[in-house]
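The values are calculated or read from the model by the stated rules, or taken from the named source; none is laboratory data. Keep in mind that this is a model prediction, so the values were computed, not measured. Backbone-built Cβ (ideal geometry, glycine too); neighbour counts: all protein chains shown.
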Amino acid sequence: MIAIGSDHGGFELKEEIMEHLKKRKIEYKDFGTYTKESCDYPVYTKKVAEAVLSKECELGILICGTGIGVSIAANKIKGIRAALCHDCFSAEATKSHNDANILTMGARVVGPGLALKIVDTFLDTPFSDDERHIRRIKLLDD
Ligand code: RB5
């Protein structure tokens, strides 16, 4: 189960990503926002982060205008490793090396075509399970 959320800046891209997940038969839960009306990205970030931390969802996707606001908000929450990715190399590396549990993107930065490829890369790349990466991830929470 994938937790997904956005503010108004990411609303349309969130819709496209959900459509894409549906086509791939990947289950998701939409934590809002549910309209294009102006809203506050930390609110939706917290909902997605809580779903990931509680293990209700295994991974999260957060979208805002730049991807930066949701990324800052998510990374303030202990246990969250949110990665702002606007290219597939970063999406693959952060899953493999950082075991990132939330992908963030900016709808005003990437087009939907690239965004969907980034989502696929993030979801389809496993954590390397490499000892050095496990050690470094543990140090993040110390
Ligand atoms: C909203 O206008 C915009 O500030 C927001 O979507 C996001 O980019 C914040 O980081």
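Yes/no matrix, rows are residues, columns are (1) touching a helix residue (DSSP H, G or I) at 6+ places or on another chain (Cβ under 8 Å); (2) at pLDDT 95 or above; (3) on the phi < 0 side of the Ramachandran plot; (4) surrounded by fewer than 22 Cβ atoms within 10 Å (Cβ to Cβ):
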| residue | (1), (2), (3), (4) |
| --- | --- |
| 13 | yes, yes, yes, no |
| 19 | no, yes, yes, yes |
| 39 | yes, yes, yes, yes |
| 46 | yes, yes, yes, yes |
* To do: Look at residue 29 and say whether it is modelled with pLDDT of 95 or more, in contact with a strand residue (DSSP E or B) (Cβ under 6 Å, 6 or more places away or on another chain) and surrounded by fewer than 21 Cβ atoms within 10 Å (Cβ to Cβ).
  => yes
* Asked: Would you call residue 115 in a helix (DSSP H, G or I) and modelled with pLDDT of 95 or more?
  -> yes
* Just one of the numbered conditions (1) acidic (Asp, Glu); (2) more than 11 Å from the ligand (Cβ to nearest atom); (3) within 16 Å of residue 105 (Cβ to Cβ) is not true of residue 58; which one? -> (3)
* Structure fact -> Just one listed residue, out of 75, 101, is within 16 Å of the ligand (Cβ to nearest atom), within 12 Å of the chain's Cα centre (by Cα) and under 19 Å from residue 137 (Cα atoms), and it is 75
* Structure fact -> Over the range 54-68, the set of residues under 20 Å from residue 33 (Cα atoms) and either modelled with pLDDT under 95 or more than 12 Å from the chain's Cα centre (by Cα) (or both) is 56, 65, 66
